[in-house]
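The values are calculated or read from the model by the stated rules, or taken from the named source; none is laboratory data. Predicted, not measured: the structure shown is a model, and the values here were computed from it. Virtual Cβ from ideal backbone geometry, glycine too; neighbours counted across all protein chains shown. Surface areas here come from the heavy atoms of the whole protein model, side chains and all, with no ligands, DNA or RNA. Shrake-Rupley method; radii C 1.70, N 1.55, O 1.52, S 1.80 Å.
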Amino acid sequence: MRPRTPPRNGSVRKRTAAPPPPPPRRYRSMAEVMREAKAAPPITGDYYADVLCEQCRSGDRDEEILLCDRCDRGYHLFCLRPIVVRVPSNAWFCPSCAEEKPFQNGKKRRKRSLVMYKKRRKILPFVPTDNPAQRLEQMGSLATALTALQMEFSNELTYMPGMVPRSSNQAIIEKGGMQVLSREDKETLDLCRTMHKRGECPPLRVVFDSREGFTVQADGNIKDMTLISEYTGDVDYLKNREHDDCDSMMTLLLAENPSDSLVICPDKRGNIARFINGINNHTPEGRKKQNLKCVRYNVDGECRVLLVACRNISSGERLYYDYNGYEQEYPTQHFV
């Protein structure tokens, strides 16, 4: 056997290994943000007490300051040109926001034909905000709202002792059947759940409105058919919650036997879906505000509730969905 000859210069050659791959980028999770938000004070009706008029920079006569429905900046009615004589009944945008063109995804919007409606459209994953500081502000706004209502963050349906066992959540007993989430859309749902665990969230911000309370607005442009959130919270039997004062219960399962019907109750645990407001679907003005749809799906044999964008949503626009879906179970005449 031929011996290996050493290098001529007497040095020992070493095999150079390839550099190790960089560790995957990790963002702060909602659990970490929630731990720091425990001391956040609850937001009261004085939240806008320090709002100044953008024109005269005065906070006097605050009862005559009109807040923009997109950027939340304030203007005295008499400082606007032309002067606004009364509070508008519909959404109002300040001069700066009124000049912005609505988000159209760079294309001229076409009227949807019947053929387009028949073609099934895929659910899209949300696109997180690139700016890490902005993303932390978004998560912090949700943490503040949750702590103000003494809630825990949960991105899952929770089955608490004494309520409903998970085995009761069976889509097969839905009255009339329940639509099955397609394989492609389930992959999108799983991708979004993975992004959430990495600390990546939809471009949304929770804000406080003196009329609507906590509400959610887009913190970036959102495309039509984007998955916004899954509706989460404690699962309970509808019969146990018939006289409950929780204002955000959501139908999960409508069974042939009413005693098997289930609801989601986000009064102790929940996510950002808890703060997205419903529309007053008894008025044309209310229906015009709707930019999300609420759909119940059969996902691997279990009922799940998803909120999906039903049109392009501009940055700064507030999010609304029809709280009733197609069941017409809840009165909405009192919704703003």
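With an 8 Å Cα cut-off and a minimum separation of 6 or more residues, compute the relative contact order for region 132-321 in percent. List each step's numbers first, then the result.
Values: 358 pairs, mean separation 54.8, N = 190.
So the answer I get is 29 percent.
Using 1/(1 + (r/R0)^6) with R0 = 45 angstrom and r between the beta carbons of Arg198 and Ser96, what's the FRET efficiency to the nearest 0.05?
According to the calculation, E is roughly 0.85.
Loop-only check: which trypsin sites (Lys or Arg not before Pro) in region 133-242 are DSSP coil with at most 12 other Cβ within 10 angstrom? If you can, show how the numbers build up before the last one.
Values: sites: Arg135, Arg166, Lys175, Arg183, Lys186, Arg193, Lys197, Arg198, Arg205, Arg211, Lys223, Lys239, Arg241; in loops: Lys175, Arg198, Arg211, Lys223, Arg241.
Listed in order of number, the matching sites are Arg211.
Where does the charge balance sit around Cys201 when Lys and Arg score +1, Asp and Glu -1, over other residues with C-beta under 12 Å from its C-beta? Display every interim value, and only then the final one.
On the way: positive: Arg28, Arg135, Arg193, Lys197, Arg198, Arg205; negative: Glu137, Glu200, Asp219.
Counting the neighbours of Cys201, the net charge comes to +3.
Counting only protein heavy atoms and a 1.4 Å probe, tell me what percentage of region 132-321's accessible area is made up of carbon and sulfur.
Here it works out to 48 percent.
Quick check: from the Cα gyration tensor, does region 153-194 come out rounded (a/c under 1.5), prolate or oblate? Don't skip to the end; give the middle numbers.
Values: a/c = 3.55, a/b = 1.16, b/c = 3.06.
Verdict is oblate for region 153-194.
Exceeding 30 Å between C-alpha atoms, which entries from my cross-link table qualify? They are Lys197/Lys288; Lys122/Lys289; Lys186/Lys223.
Lys197/Lys288
Take the alpha-carbon centre of region 254-269, take the same for region 135-173, and report the distance between them in whole Å.
If we compute the Cα centre of each part, the gap is 14 Å.
Taking H as built 1.01 Å from N, whose amide H comes closer than 5 Å to the amide H of Asp209, not counting residues under 5 places away?
The answer is Phe214, Thr215.
For every other residue with a beta carbon closer than 15 angstrom to the beta carbon of Asp300, add +1 if it is Lys or Arg and -1 if Asp or Glu, then tell me the sum.
Working: positive: Arg166, Arg183, Lys186, Arg193, Arg296, Arg304; negative: Glu156, Glu174, Glu184, Asp185, Glu187, Asp190, Glu230, Glu302.
Neighbour charge sum, excluding Asp300 itself: -2.
Test of understanding: what is the full-extension gain from Glu64 to Arg311, defined as 0.36 nm times their sequence separation minus their Cα-Cα distance?
The span from Glu64 to Arg311 would gain 85.6 nm if fully extended.
Between Val87 and Asn257, take the C-beta separation as r, use R0 = 41 Å, and let me know the FRET efficiency to the nearest 0.05.
Computed FRET efficiency for Val87 and Asn257: 0.25.
Give me the number: length gained by fully extending Val180 to Glu242, i.e. 0.36 nm times residue separation minus the C-alpha to C-alpha distance, one decimal in nm.
19.5 nm
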